[in-house]
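Novice: This structure is in structure tokens; I'll ask about it shortly.
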Amino acid sequence: EPQSFPLHRKLRLSAYINQKQADQRLIKKLQDEFGPNAVIVIGDWSAPMNRFHEPIRGKGWRMLLKRAGFEVYLIKEYLTSKTSRVVSGMCPSYTDYSAVPHGPYSSGAQKIPSMRPPLVCRTFNNPTIESAIRDISSSIKDPDWQQLFSNIFPNTLDTTVAWHNSSAPFTFLVTGDITAQWIRDSSNQVLPYLPYTATDSALSMLVLGLINMQAEELDAYPFGNAFQPPTRSGLKPTQNGIGVNLNVFPKFDNKAVFEAKFEIDSFASFFQVSSSYWRATRDARFIYNEAWESAVSKILDIIVLLQQPTYNGRVLNKPVVGYTRLTSEAKETQFGSGLGNPVKYTGMVRTLFRPSDDATILPFLVPANAFLCVELEHLSNMLKILRVFPDIRDKAMKLASQIRSGINKHGVAMHATHGKVFAYEVDGYGSVLLTDDANGPSLLSMPYLGFVNASHPVYQNTRNMVLSFEDNPWYFDGSYIRGLGSPHTSYLKVWPMAVAMRGMTSDNSEEVKECLDMILASTSGLGLIHESVSVSDGKDYTRSWFAWGNTFVSQFVVDAITRFPGII
């Protein structure tokens, strides 16, 4: 006859089994949601006479997590709520962190390290993006690419959200190892997350906050390309090492403006993030922000002024913007006492600096004008659908038409080898510069910008010229990598971001795969995308932490596996 146990023992055994099963379900759910290597941060329990000791309350729960393989931290919530950073003094600088590989490593030939900062040190945590990382990674077979994508896709969120006020909202994004917000970089840094903003309110507030922040910055000083954090953020302004010995007009406050190199792609980037966010979410709250309307109006007025020729007959037109600096490098200052070389009217818009932050040689930078044209069209269409600001809407479309006409008439040149091509820079007098630069907007990027289709014959000729070692002085080819470089990083250095742009604008699966392979091999063992890399020495690179490069290459990966499933 089977042995009979007292009822209270049966109940205790049943409770024990149920508890164990519940613990296992919870651990499995956490592993499925956050991955087996997640870092879990728990608010500390403060009790009298318990300083410097781990609290008893919650100890069993923490032991359960540790036994399951999770890394567990206790954080004093009161102290963290008093600072704008996640954990003041606890987290290393990501500039330092990104310069050293961290395990675990991928199982592929490249042994890509794990370069995401610990959860407690990330500047913006978002479950939707964590889920997206898992979903996209599951479509990638190559373990090296799985790890690299997991590092770079969330890099902007992990490392660059220096300040975010979700109630206003306002967001200040740094570009990486420089604590300043570039209009161009910050706009590009959030583009990969836009598909998720319609269903994730935290992400949408982050991007909406960036639009509001940019509007405030450009309304105060529309000629700036990079800005200091606002006083109310509690962040300290950063000393700009090259922001000295300057003669800039209009004058600017260096406590608010980090750099005053006037670049028209900053205007286009502001329009781009505004209209792209609206198209993704149909959230138009930003346009009713007084600073946004004011900034847009000021920008359109400046565009009109910068379309004008240098001379009015035999008289110099009133200068609009100027920049000179005492320097030994020509790319850091401008011709003509800061005004730039003379131009005739073409319909295009003058700029003093390229997206690389290097000075233009001829003031009509064609790819930047193409970008501006497209984004003025998007701006006008958005306002038309919303039925607001008809004067701004009509002015934006008129300017876009003038710029497009100017590019088609004055921005196309005859190349001895390649035939009709888009020029990089022109002046309206007939002078043309036939080259391209790694930074976007570039000639290579014109289909990505939406100015022409990739099959456009003039673009195809331009592409052949741009990707030619014989015909483009800033295209480099070496044993390690080949692609577009930039005067910004001098000779024989290729920007992986430009390799990604080549892949993004190609319909050839073999060319796309070649670009992916070169990028994967270019991380110098650090599992992140560098600004530039030597064509012959992988250890010779610039910037281990370059957020725009990381997020753009992640865009390329998503694009590649969507168009060519199984390519990696």
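Novice: Nothing charged except the Cβ atoms of Lys and Arg (+1) and of Asp and Glu (-1): what's the magnitude of the dipole of the chain about its Cα centre? Round to the nearest 20 debye.
Specialist: With only Lys, Arg, Asp and Glu charged at Cβ, the dipole is about 1620 debye.
Novice: I've got another one for you. With each label point set 7 Å from Cα along the Cα-Cβ vector, what nm distance links residue 71 and residue 131?
Specialist: Placing both labels 7 Å beyond Cα along the Cβ direction yields 2.5 nm.
Novice: Mind pulling the angle between the C-alpha long axis of helix 390-410 and the longest principal axis of the chain? Nearest 10 degrees, somewhere in 0 to 90.
Specialist: 60 degrees
Novice: Give, as ranges by residue number, the residues of the range 432-451 whose backbone N falls under 14 Å from the point 7 Å along Cα→Cβ of residue 468.
Specialist: 434-436
Novice: Place a label point 7 angstrom from the Cα of residue 514 along the Cα-to-Cβ direction, then list the residues of the range 447-462 whose backbone nitrogen is under 20 Å away.
Specialist: Hits in the range 447-462 for residue 514 at 20 Å: 447-448, 454-456, 459-462.
Novice: Given the Cα-Cα distance of residue 239 and residue 330 and 0.36 nm per residue of separation, how much length would full extension add, in nm?
Specialist: 30.5 nm
Novice: So, one more: Rank-order 310-321, 7-18, 522-533 by packing density, defined as the average count of other C-beta atoms within 10 Å over each peptide's residues, highest first.
Specialist: Order by mean packing, descending: 522-533, 310-321, 7-18.
Novice: Please find the FRET efficiency linking residue 312 to residue 198, where r is the Cβ-Cβ separation and R0 is fixed at 51 Å, and quote it to the nearest 0.05.
Specialist: Approximately 0.55, to the nearest 0.05.
Novice: Let me ask another. Order the following by accessible area, largest value first: 491, 105. Probe radius 1.4 Å; ligands, DNA and RNA are ignored.
Specialist: From most exposed to least exposed: 491, 105.
Novice: Name the residue from 422, 532, 330 whose Cα lies farthest towards the positive end of the charge dipole of the chain, charges +1 on Cβ of Lys and Arg and -1 on Cβ of Asp and Glu.
Specialist: With unit charges placed on the Cβ atoms, the residue in question is 532.
Novice: Next question. Based on the Cβ-Cβ distance from residue 492 to residue 247, what FRET efficiency comes out when R0 is 25 Å, to the nearest 0.05?
Specialist: 0.15
Novice: Here's something else I'd like to know. Using per-residue counts of other Cβ atoms within 10 Å, averaged over each peptide, order 197-203, 270-276, 388-394 from highest down.
Specialist: 270-276, 197-203, 388-394
Novice: Taking Cα atoms, how many degrees apart are the long axis of helix 7-34 and the longest axis of the chain, rounded to 10 and kept between 0 and 90?
Specialist: 10 degrees
Novice: Here is a follow-up. Looking at the chain, send over the antiparallel percent of its DSSP beta bridges, to the nearest 5.
Specialist: The antiparallel fraction comes to roughly 85 percent.
Novice: Continuing with the same structure: Given labels modelled 7 Å from the Cα in the Cβ direction, how far is it in nm from residue 139 to residue 12?
Specialist: Distance between label points: 5.5 nm.
Novice: List the Cys residues of the chain that have no partner Cys with a C-beta closer than 4.7 Å.
Specialist: Singleton cysteines: 373, 515.
Novice: I would also like to ask the following. Here are a few candidate values for Rg/Rh (Cα atoms, Kirkwood Rh): (1) 0.96; (2) 1.07; (3) 1.03. Which one was actually calculated from the structure I just gave you?
Specialist: Structure-derived value, by its label: (3).
Novice: What do you get for the angle between helix 290-307 and the principal long axis of the chain? Use alpha-carbon atoms, 0 to 90 degrees, nearest ten.
Specialist: In the chain, helix 290-307 runs at an angle near 30 degrees to the longest axis.
Novice: Based on Cβ point charges of +1 for Lys and Arg and -1 for Asp and Glu, what charge dipole magnitude is obtained for the range 138-291 about its Cα centre, in debye rounded to the nearest 20?
Specialist: I would put it at about 220 debye.
Novice: With a 1.4 Å probe and all protein chains in place, put 73, 288 in order of accessible area, largest first.
Specialist: 288, 73
Novice: Post the alpha-carbon centroid distance, the range 296-375 to the range 166-199, in whole angstrom.
Specialist: First find each Cα centre; the distance between them is then 27 Å.
Novice: Taking the simple approach of a point 7 Å from Cα along Cα-to-Cβ for both residue 59 and residue 24, what is their distance in nm?
Specialist: 2.7 nm
Novice: Sorted by mean Cβ packing within 10 Å, highest first, what order do the peptides 559-565, 303-309 take?
Specialist: The most tightly packed comes first, giving 303-309, 559-565.
Novice: What FRET efficiency, computed as 1/(1 + (r/R0)^6) with R0 = 51 Å and r the Cβ-Cβ distance, is obtained for residue 417 and residue 255, rounded to the nearest 0.05?
Specialist: 0.50
The values are calculated or read from the model by the stated rules, or taken from the named source; none is laboratory data. Predicted, not measured: the structure shown is a model, and the values here were computed from it. Reconstructed Cβ throughout: ideal geometry from the backbone, glycine too, with neighbour counts over all protein chains shown. Quick note on the areas: whole protein, heavy atoms, side chains included, nothing else; ligands and nucleic acids left out. Shrake-Rupley method; radii C 1.70, N 1.55, O 1.52, S 1.80 Å.
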